[in-house]
Amino acid sequence: MQTNIDNYTELFVEDIPLIDVRAPIEFQRGAFPAAKNLPIMDDEQRKEVGIFYKKHGQGLAIQKGHELVKGEIREQRIASWVEFYSKSPNAHLYCYRGGLRSKISQQWISDAGKHVPIIHGGYKALRNFLLNELDLATEKYSFKLIGGKTGSAKTILINQLNNGIDLESAAYHRGSTFGRHATEQSTQINFENRLAIDFLKLKIKNIQNVILEDEARTIGRVGIPKSLFEKMRTSPLIVIEEPFEARLKRLLQEYIVDMLNEFLILNSDDPFNKFSNYLLNSLEKIQNRLGPVRHELAHNAMQQALSMHEKSNDLSGHYVWLKIILENYYDPMYEDQLKKREEHIVFRGNYEECKNYLEHTL
């Protein structure tokens, strides 16, 4: 009932649901987009078994594991696996190496009347497979990059193209000072896993010319793999040139409307206050770049805008501080960066012109 390495591509391309029976601490370090953590042992149980293994060997460690996970605890574990598999009958199961934890989990599920295949080699083999795909991507694909000032709809265009990969989505961060989301950003490992899967999905379509956004080396707190980033920096650059007012409206949607919705969806206490703190804290990060006078203007404008927003749902005040940071932070910074990339620019135009260019050139 085990899969083999030939199935790894299908697992990821088809987004096959995965049962990850590793401990929560292992899952938090790195996992796959379609995986759900349903551990056979919690962190403390895993730690205790590990200590027992070092002192007494595998046999007694296995016995210790059975002592820790028995009775009601064991039944709860099995119930969670069976429930998941009942909803996703094509699911596969793995632990770290596809060893004992996988086999014991599989047997317990089988005893409950379900038959879940184990992934040969477990998480480690899947992770190495994806890292290899990332290395191959740098060698096998040619890239075109989409650039443009903040609010130019670069990410929107990426997602409209059948050969685009959204780096910011993979990183779960919009790549700017105001770019984080309401929930925690992806880990470096999760970013790399998601990125490799995105390349795999183009690979099976025989797409070799990939469109990426012109990003900095780091997107939030994750970094684009070095070889991939180096190739990006020498790839052709298409620059979207959109009117200032259009960019301002997009930022209002992205930074204000969409972000507040994220905090509301969390159903936490006082979501508007959390949203306000997100904006104010983000502004503090660029205080030195704005300078004391402009920072104070932006800070006061932001507080007034938040007050209007909360009291009467009037969003218009946000345009004031958004305009300040566009004119005095984002635009000058991007113009400086673009000067260093002039030799790589192959096309400039508005959104539709750039879209048409990319759809009709290889």
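Along its principal axes, what span do the Cα atoms of segment 146-235 show, with the longest given first and each in whole Å?
Projected onto its principal axes, the Cα set of segment 146-235 covers 35, 29, 24 Å.
Extending each Cα 7 Å along its Cβ direction at residue 335 and residue 183, get the distance between those two points in nm, one decimal.
Result: 4.0 nm between the two label points.
Just need the relative contact order of the chain here, percent rounded to a whole number, with Cα pairs under 8 Å and 6+ apart.
That works out to 16 percent.
Could you name the aspartates and glutamates in cross-link range of residue 201, using Cα to Cα under 15 Å and dropping any fewer than eight places away on the same chain?
Reachable aspartates and glutamates: 10, 14, 15, 133, 166, 192.
Which whole-number value in Å² is the accessible area per residue of segment 1-156, probe 1.4 Å?
Numbers: 7730 Å² over 156 residues.
That works out to 50 Å² per residue.
Please list 128-137, 65-74 highest first by mean number of surrounding beta-carbon atoms within 10 Å per residue.
On the way: 128-137: 16.5, 65-74: 13.1.
Highest to lowest by the protection proxy: 128-137, 65-74.
For residue 288 and residue 156, calculate 0.36 nm times their separation in residues minus their Cα-Cα distance, and state this gained length in nm to one decimal.
44.5 nm
Please name whichever of 84, 290, 109 sits farthest to the positive end of the charge dipole of the chain, dipole taken about the Cα centre and charges placed at Cβ: Lys and Arg +1, Asp and Glu -1.
109
Averaging over all projection directions, find the projected area of the Cα convex hull of segment 143-199 and quote it in nm² with one decimal place.
Mean shadow area of the hull around the Cα atoms is 4.4 nm².
How many percent of the alpha carbon pairs in the chain exceed a separation of 30 Å?
Values: 33047 of 65341 pairs.
Taking all Cα-Cα pairs of the chain, the fraction more than 30 Å apart is 51 percent.
Out of residues 5 or more away from residue 345 or on other chains, whose amide H comes under 5 Å of its own, with H placed 1.01 Å from N in the peptide plane?
Amide H neighbours of residue 345, under 5 Å, 5+ apart: 237.
Please go through the residue pairs 140/339; 231/340; 285/340; 154/285 and name each one whose alpha carbons sit more than 20 Å apart in this structure. Could the numbers behind the result be given before it?
Values: 140/339 29 Å; 231/340 16 Å; 285/340 25 Å; 154/285 24 Å.
Correct reply: 140/339; 285/340; 154/285.
Considering only protein heavy atoms and a 1.4 Å probe, what is the carbon-and-sulfur percentage of the accessible area of segment 229-362?
So the carbon and sulfur contribution to the accessible surface is 49 percent.
Based only on Cα atoms, what mean projected area does the convex hull of segment 34-182 have, in nm²?
13.4
In deg cm²/dmol, rounded to 500, what helix-only [θ] at 222 nm does the chain give when every DSSP H run of at least 4 residues adds -39500 (n - 2.57) and the total is split over its residues?
The helix contribution divided over the chain gives -16500 deg cm²/dmol.
What does the convex hull of the alpha-carbon atoms of segment 232-280 project to on average, in nm²?
Working: hull surface 21.7 nm².
The orientation-averaged projected area of the Cα hull of segment 232-280 comes to 5.4 nm².
Take the alpha carbon atoms of segment 106-155, find their center, do the same for segment 187-227, and report the distance between the two centers in whole angstrom.
10
Placing +1 on the Cβ of each Lys and Arg and -1 on the Cβ of each Asp and Glu in the chain, which of 361, 23, 333 has its Cα farthest towards the positive end of the resulting dipole?
23
From largest to smallest, what semi-axes in whole angstrom does segment 102-192 give when each is the square root of 5 times an eigenvalue of its alpha carbon gyration tensor? Before the final figure, lay out each step's value.
Values: eigenvalues 267, 67, 31 Å².
Whole-Å semi-axes of the equivalent ellipsoid: 37, 18, 13.
Sorted by mean Cβ packing within 10 Å, highest first, what order do the peptides 105-116, 144-155, 342-353 take? If you can, show how the numbers build up before the last one.
Details: 105-116: 15.2, 144-155: 22.7, 342-353: 13.7.
Packing order, densest peptide first, comes out as 144-155, 105-116, 342-353.
Can you give me the convex hull volume of the Cα atoms of segment 46-118, divided per residue and expressed in Å³?
Details: hull volume 6.4 nm³, N = 73.
Expressed per residue, the convex hull around the Cα atoms of segment 46-118 is 87 Å³.
Could you calculate, for segment 215-362, the ratio of the Cα radius of gyration to the Kirkwood radius, expressed as Rg to Rh?
So for segment 215-362, dividing Rg by the Kirkwood Rh gives 1.02.
Short version: ³J(HN,Hα) in whole Hz for each residue of segment 262-271, in order, from phi by Karplus 6.51 cos²θ - 1.76 cosθ + 1.60 (θ = phi - 60°), x for Gly and Pro, what are they?
With the stated coefficients, segment 262-271 comes to 4, 5, 5, 5, 5, 6, 8, 5, 6, x Hz.
Over the Cα atoms, compute the radius of gyration (one decimal) and Dmax (the largest Cα-Cα distance, rounded to a whole number) for segment 94-146, in Å.
Looking at segment 94-146, its Cα Rg and Dmax stand at 17.0, 53 Å.
The values are calculated or read from the model by the stated rules, or taken from the named source; none is laboratory data. Since this is a predicted model, take the numbers as computed values, not measurements. Cβ coordinates were reconstructed from backbone atoms using ideal geometry, including for glycine residues, and neighbour counts include every protein chain displayed. Note: areas computed on protein heavy atoms with side chains; ligands, DNA, RNA excluded. Shrake-Rupley method; radii C 1.70, N 1.55, O 1.52, S 1.80 Å.
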